[in-house]
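Novice: Let me begin by handing over the structure; questions about it come next.
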């Protein structure tokens, strides 16, 4: 018979009548055993051992009977009889229970070594599928091996945080606390949360106010872009309500939320009352905010502002710039304006008289340097003579007209009234006082017209279209719809000149605040022109050690200064200067004296001794008159300064303290010495002076050539008289980080006719040379100097 037939016969053989209902007998076997156990006496130890038909394993479970043979040769094991099964009391504790009870009775408790034996030697990676199985198996092992009280005792012995050792916790929670907090296994919940953070994309909105939004955006949105790249999220702005809508992974949003919360907590705020009780223009508020990296807004209309910043240094800088802007930008005050018209020279016979009539127009002007930050940047224009088609030059020929020194030209005021330059300067200047000296200064630059209203974008459309006679343009300027301002610049003859001597200066300029007892009110029409104004000039000169002089070093420094101050006039230089200087963060280019002064000091001195300095403080009254010269490439600003030196013991206490701190700071060997800041206001002789500018200056004394190139290339014009000395300055504004190039001609003895003639001759030389396009040879020379 085959094996399959035998299996079929065994499976389908008929049962006897005793096996038809086996379940009821098994179901009540335990009850019968209980009844039998209650009626029979307790057997002895030997009887119990002999009559026991089962064996107990280490866990207290019922094993295979010892007297029943195992299955041999494919036969079923023989079941124990009912009498032997009834002899075992199921309620009786097992041998394991008795062993554990004996341990407890002896006072033996498990130690940390016992639970440490349950710790696996290695585990799977947290993000692998095997990790969850290992984690659950370890929890089950601890729960089977120890009781709840024992696991809690282990948490106390491990000195876990009280939140994990409190009594009202489940047994599984104690085991998980030991595994996660003591053994360092990552939680399954944390792993699942991390998986969701890595995979799930969600969206969240962060509500902000205008000040918070400005500080989060940063300079031109650079900080917001950095946040988007750092956390790999997409950030957009919603206006109603004002909020940042962020879309990205869940984990990135959580990190970004923490970053924004910390940023909001770190914002410092201060309300400042300005010395001049009037609000600041909105376009200036934006520039101050950009320069100082702080949010500035007006509160009311009485000179109160609110400043919000991420750092106290930015808040202080914004406060100083706002105070400076409120006192510097006077829409109702401007220096007196004169216009210069050269004399009529002999015309060519072939040119008709009507063609030689001079007409002027307002042209767009592209400054080679960035305009002052207080000016309206919507567009700048300059008045120039209109060129003719018949060969008549649009610039003045100083050799033929004589220039300012010749005294043949005419001067007109805004109203068209004729006047003389010297009389205008003396009339507007204050009276000479005993002990005061009078210094005349001519600064070269351009008189620029700005748009009447601030514009977001620059425009080349002039505010006055067409060409007119000069008196008509002056009347248009007198109407006051447009403001004209002077911007200093370096003239063409000094682009490649080498200064004969250089000095390093730190200069503070303070201007007197108008008192309430002044007869001229702020809103009065008589104050349309700016009169004499009291000033205090504080200069600290960094002395050059004489024992370290090196002619070659002087030459290299002179060339560097010349190249740094060079005005190329091309678009690339304009873009670099305008965007590079003004858009830099104050943190990237700190408004400190170290960045300019210390660098320049190191170029001149390598000594280990204290840096020698010379401090002088000058007080006086300064008067300014602007001269518009549309027939020349440049204009001139004349100033008259009646001044006297203040002895050191009579200098303002704040300035003396600042000079001492600055000297200590420059000579300090420790890098962590705090930098002093100049005082915002000083008091002298009962008057209050407000800080107008804080500059770091590289000053050079120029010597003009004996001849200069006039209107046409190749036309060398010799000078009849030696001009006055010229001072050129490369200036860094430490408050706004703007760079300026200043060229000045000075006259100390205006009563001497020869000195005054040399003074005007220097103005003619510097203002009449045209900026020609550089030739190939000129470009190669500049490249050589730069190398």
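Novice: Those residues that are in a loop (DSSP other than H, G, I, E, B) and crowded, with 17+ Cβ neighbours inside 10 Å, I need them from segment 133-150; list them, please. I'd like the intermediate steps shown before the answer.
Specialist: At the first step, the residues of segment 133-150 found to be in a loop (DSSP other than H, G, I, E, B) are 146-147.
Answer for segment 133-150, where residues must be in a loop (DSSP other than H, G, I, E, B) and crowded, with 17+ Cβ neighbours inside 10 Å: just 146.
Novice: Next question. What is the number of the single condition among (1) surrounded by 12 or more Cβ atoms within 10 Å (Cβ to Cβ); (2) in contact (Cβ under 8 Å) with a residue 60 or more places away in the chain that residue 217 does not meet?
Specialist: (2)
Novice: Among the listed residues 616, 573, 584, 648, identify the single one that is surrounded by fewer than 17 Cβ atoms within 10 Å (Cβ to Cβ), touching a strand residue (DSSP E or B) at 6+ places or on another chain (Cβ under 9 Å) and modelled with pLDDT under 90.
Specialist: Working: 616 fails: modelled with pLDDT under 90; 573 fails: touching a strand residue (DSSP E or B) at 6+ places or on another chain (Cβ under 9 Å); 584 fails: touching a strand residue (DSSP E or B) at 6+ places or on another chain (Cβ under 9 Å).
Answer to the selection: 648.
Novice: Further, regarding this structure: What helices (runs of 4 or more DSSP H) lie completely within segment 74-117 and have 3 or more residues being more than 60 Å from the chain's Cα centre (by Cα), modelled with pLDDT of 50 or more and closer than 25 Å to residue 141 by Cβ? Before the answer, list the steps.
Specialist: Numbers: elements: 82-86, 95-105, 112-116.
The qualifying helices (runs of 4 or more DSSP H) are 95-105.
Each row is one residue, and each column tells you yes or no for (1) surrounded by fewer than 20 Cβ atoms within 10 Å (Cβ to Cβ); (2) within 22 Å of residue 370 (Cα to Cα); (3) modelled with pLDDT under 90.
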residue	(1), (2), (3)
735	no, yes, yes
745	no, no, no
757	yes, no, yes
769	no, yes, yes
779	yes, no, yes
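Novice: Being surrounded by fewer than 20 Cβ atoms within 10 Å (Cβ to Cβ), assigned by TED's automatic domain parsing to the domain that holds residue 725, in contact with a helix residue (DSSP H, G or I) (Cβ under 8 Å, 6 or more places away or on another chain) and within 26 Å of residue 764 (Cα to Cα) is the requirement here; does residue 421 meet it? It would help to see each step written out before you state the result.
Specialist: Working: surrounded by fewer than 20 Cβ atoms within 10 Å (Cβ to Cβ): yes; assigned by TED's automatic domain parsing to the domain that holds residue 725: yes; in contact with a helix residue (DSSP H, G or I) (Cβ under 8 Å, 6 or more places away or on another chain): yes; within 26 Å of residue 764 (Cα to Cα): yes.
For residue 421, the condition - surrounded by fewer than 20 Cβ atoms within 10 Å (Cβ to Cβ), assigned by TED's automatic domain parsing to the domain that holds residue 725, in contact with a helix residue (DSSP H, G or I) (Cβ under 8 Å, 6 or more places away or on another chain) and within 26 Å of residue 764 (Cα to Cα) - is met.
Novice: If you check 153, 130, which single one turns out to be closer than 28 Å to residue 96 by Cα and in a helix (DSSP H, G or I)? Reasoning before the result, please.
Specialist: Numbers: 130 fails: closer than 28 Å to residue 96 by Cα.
Answer to the selection: 153.
Novice: Which one is nearest to residue 129 (Cα to Cα), of the residues in segment 174-195 that are without any contact (Cβ under 8 Å) to a residue 40 or more places away in the chain and part of a loop (DSSP other than H, G, I, E, B)? Write out each step before concluding.
Specialist: In the first step, residues of segment 174-195 are kept if they are without any contact (Cβ under 8 Å) to a residue 40 or more places away in the chain; the result is 174-177, 180-182, 184, 187, 189-190, 192-193.
Next cut, part of a loop (DSSP other than H, G, I, E, B) only: 184, 187.
Working: 184: 18, 187: 14 Å.
The qualifying residue nearest to residue 129 (Cα to Cα) is 187.
Novice: From the list 416, 387, pick out the single residue that is part of a loop (DSSP other than H, G, I, E, B) and at pLDDT 85 or above.
Specialist: Numbers: 387 fails: at pLDDT 85 or above.
Just a single option satisfies the conditions, and that option is 416.
Novice: Moving on. Looking at segment 267-287, which of its residues are farther than 16 Å from residue 301 by Cβ and in contact with a helix residue (DSSP H, G or I) (Cβ under 9 Å, 6 or more places away or on another chain)?
Specialist: So in segment 267-287, the residues farther than 16 Å from residue 301 by Cβ come out as 267-270, 283, 286-287.
Those that are farther than 16 Å from residue 301 by Cβ and in contact with a helix residue (DSSP H, G or I) (Cβ under 9 Å, 6 or more places away or on another chain): 267, 268, 269, 270, 287.
The values are calculated or read from the model by the stated rules, or taken from the named source; none is laboratory data. Everything numeric in this text was worked out from a predicted model, so none of it was measured. Because the Cβ atoms are built from the backbone with ideal geometry, glycine has one as well, and the counts that use them run over all protein chains shown.
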